[in-house]
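So the structure is just underneath, and the comments pick up after that.
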Ligand SMILES: N[C@@H](CCC(=O)N[C@@H](CS)C(=O)NCC(=O)O)C(=O)O
């Protein structure tokens, strides 16, 4: 009899390990805390402020999900990840979602088995050089020393770009963005390359931003977005539709200021469905009716999040560009709430 | 008269497994073994289940795919279209290069510091104690980062070597027209081989063997016939003359390639990157401190009577060290030295902290990350390091056997 109990325990241990991959939504609710992977620090995107509170464009996505699921945008445990550690952290379950300017690529989606739930920033890879170098095009960089972060799409694009243009370079591999900036400023490399948004964000923190120029070439497509583990569709839906809610809210003119008022009922049925006064969308997600309202009221809709963290009024000063709503000539286009 | 009687045959009872000291240890070992097997099968089972649940399988096919990334230090030709396997080999060679050089310099540092620590000069011996204590007691990773930061900041920015665009002279130029210390590394001349250049190298390598042969011959002559023949000058001649003759006979196929300033950095010559210098130096100076202690212990282990006896025979102190003390001390020094060499090889995996592309940086870093094949990469990584370590141990053991006390 003892033997069978033991074998039974073994099977349970084995099985439960397999099941742990699914059910993230329940795990998050049971834990009453969302574990969200972010960068180790990129100004405007994810960085702790003077009080140690994480702020930024990517952080806002984590907070919106926490508000939607747990009803409290502060119930987030932020886990800093580097380009190298982020995927292991997500795959191993250490984090529930990753919002860390991560590019949606075929192999990450299909081979690494992740699920990108959408795109919160349409970006491309750019180059930054000191203006003193007198370089005006990336094609003039033959023989230059380039700082890159390892484990990123950046290093692959870089190799492709130089190869395609038949020029050479000396790569200096670096773990984190902060180290890369330090090395670049110390002159250990002549060029710093990464997503153009991150270049702008990090340059804003330089002592003399004007001494550095971004070269005109954008050498890749970098659709950046939050991702979750493959296979847990319920959780994937929650994160996907929270992001869509932020985008739709901007499109429909729902802001952190007027959401409460609009939730009293409007004559636009989509606004009503979004804010939960009509239909049962929240219930279908396994959440309550006001999930999207809370998400929007946390940091505002997509446009508000953009302008408070990285927009033109901030030192980072990014224009909406491709990240404008489709109605404004941009690429942001959320599927309908219906 | 005594009659040997067999002790009464006890029948084996199950309780004896616990109560009888003859069997008890077997029982416990069997239980421990069983527990271990169960533990590992749970782990293995868990891994297999989780991999299956995540839809992953163990496969090494990715090693044949193009790596897609570039590596700065390439001992063998490599580009971003080469395979992940080749990237791993480049990394492995980089590991071996830095480990080998660090073993050599750590031994030099260690022997010097170890001998000097026993010096009668108070200042020198205290300085050496300070060196040993400081380096031994602070983790090597911290030394690595300190040294890297210092080298990157002490050497002049490479921009000062560039030709200014207004046509004026650069702020700095090559030292002796052939070397430059910059924050992107040290640039030195490189030996280039012409078509037949390899033969000059072969001749030189053969000469090295020749020198050993000659010294063996001289020793035999001394032991068999009691004659001493000159060693130093003939050795030097054997070492140099054939290579020089070969060099001229083949029409001077060797050349040096001097670094020359290009648009951004020095082209030509050899670049010792800051990451490489920092790693090499940090490993050497850190491990040197441990080796110094081994050397000191080895020397102290030789009893004082030995050096007194040698002195009584009229040997000078240098010869006492070389002929009496060191050969005996080596027997004590070599075994711990092996483990220091292994430590260097393993610690070289900290390379990624300064961006040196060793095996951990390529296979265990970028390849692992870009392909997501974590388990496969780590297993392969373990295999590489295990092979390196076992090979080093084996070689050092051969050497150890050759110098150990031969009992006649
Ligand atoms: N989008 C690229 C690059 C992402 C990336 O690593 N960006 C840098 C830009 S500075 C970053 O976030 N670094 C912050 C860090 O190292 O924590 C990718 O997904 O591979």
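Restricting attention to region A:75-94, and to residues there that are crowded, with 19+ Cβ neighbours inside 10 Å, away from the ligand (no atom under 12 Å from the Cβ) and in contact (Cβ under 8 Å) with a residue 60 or more places away in the chain, which single residue is farthest from the other protein chains (Cβ to nearest Cβ)? Ranking the qualifying residues of region A:75-94, first place goes to A:90. Annotation: residue A:194 fulfils all but one of (1) in contact with a strand residue (DSSP E or B) (Cβ under 6 Å, 6 or more places away or on another chain); (2) closer than 30 Å to residue A:145 by Cα; the unmet one is (1).
When region A:111-124 is limited to residues that are within 14 Å of chain B (Cβ to nearest Cβ) and closer than 28 Å to residue B:352 by Cα, the one that is surrounded by the most Cβ atoms within 10 Å (Cβ to Cβ) turns out to be A:114. Among the numbered conditions (1) on the phi > 0 side of the Ramachandran plot; (2) in contact with a helix residue (DSSP H, G or I) (Cβ under 7 Å, 6 or more places away or on another chain), the only one that residue A:52 does not meet is (2). The single condition among (1) in contact (Cβ under 8 Å) with a residue 60 or more places away in the chain; (2) touching a strand residue (DSSP E or B) at 6+ places or on another chain (Cβ under 8 Å); (3) under 25 Å from residue A:317 (Cα atoms) that residue A:60 does not meet is (2). The criterion of at least 3 residues that are within 16 Å of the chain's Cα centre (by Cα) is met by the following strands (runs of 3 or more DSSP E) wholly inside region A:80-140: A:114-116, A:121-123. In this entry, residue B:375 passes the filter for residues that are within 13 Å of another protein chain (Cβ to nearest Cβ) and over 19 Å from residue B:70 (Cα atoms).
Within region B:252-275, one or more residues are without any contact (Cβ under 8 Å) to a residue 60 or more places away in the chain, farther than 30 Å from residue A:184 by Cα and assigned to a loop (DSSP other than H, G, I, E, B). Would you confirm whether any residue within region B:94-116 is surrounded by fewer than 18 Cβ atoms within 10 Å (Cβ to Cβ) and within 17 Å of residue B:373 (Cα to Cα)? Within region B:94-116, none of the residues are surrounded by fewer than 18 Cβ atoms within 10 Å (Cβ to Cβ) and within 17 Å of residue B:373 (Cα to Cα). Scanning region A:113-129 for residues that are over 19 Å from residue A:83 (Cα atoms) and within 12 Å of the ligand (Cβ to nearest atom) yields a total of 1. Considering region A:152-180, and only residues there that are in contact with a helix residue (DSSP H, G or I) (Cβ under 6 Å, 6 or more places away or on another chain) and crowded, with 22+ Cβ neighbours inside 10 Å, the residue that is farthest from the other protein chains (Cβ to nearest Cβ) turns out to be A:169.
Of all residues in region B:124-146, those satisfying the criterion of being away from chain A (no Cβ under 14 Å), surrounded by 14 or more Cβ atoms within 10 Å (Cβ to Cβ) and under 25 Å from residue B:349 (Cα atoms) are B:131, B:132, B:135, B:136, B:140, B:143. Output the residue which, of all residues in region A:130-147 that are away from the ligand (no atom under 16 Å from the Cβ) and within 21 Å of residue B:273 (Cβ to Cβ), is surrounded by the fewest Cβ atoms within 10 Å (Cβ to Cβ). Top of the filtered list is A:142. If the condition is being in contact with a helix residue (DSSP H, G or I) (Cβ under 7 Å, 6 or more places away or on another chain), surrounded by fewer than 15 Cβ atoms within 10 Å (Cβ to Cβ) and free of Cβ contacts under 8 Å to residues at least 24 places away in the same chain, then region B:294-345 contributes B:306, B:311.
This table checks each residue for (1) without any contact (Cβ under 8 Å) to a residue 12 or more places away in the chain; (2) more than 12 Å from chain A (Cβ to nearest Cβ); (3) assigned to a helix (DSSP H, G or I).
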| position | (1), (2), (3) |
| --- | --- |
| B:14 | yes, yes, no |
| B:28 | yes, yes, yes |
| B:36 | yes, yes, yes |
| B:68 | no, no, no |
| B:92 | no, yes, yes |
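Among the residues of region A:95-105, the ones that are away from the ligand (no atom under 11 Å from the Cβ) and either at pLDDT below 95 or assigned by TED's automatic domain parsing to the domain that holds residue A:153 (or both) come to 0 in all. In summary, residue A:50 fulfils each of the numbered conditions (1) part of a loop (DSSP other than H, G, I, E, B); (2) within 16 Å of the ligand (Cβ to nearest atom) with the single exception of condition (2).
The values are calculated or read from the model by the stated rules, or taken from the named source; none is laboratory data. These numbers were taken from a predicted model, which means no experiment stands behind them. In this analysis, Cβ positions are derived from the backbone assuming ideal geometry, glycine residues included, and neighbour counts consider all displayed protein chains.
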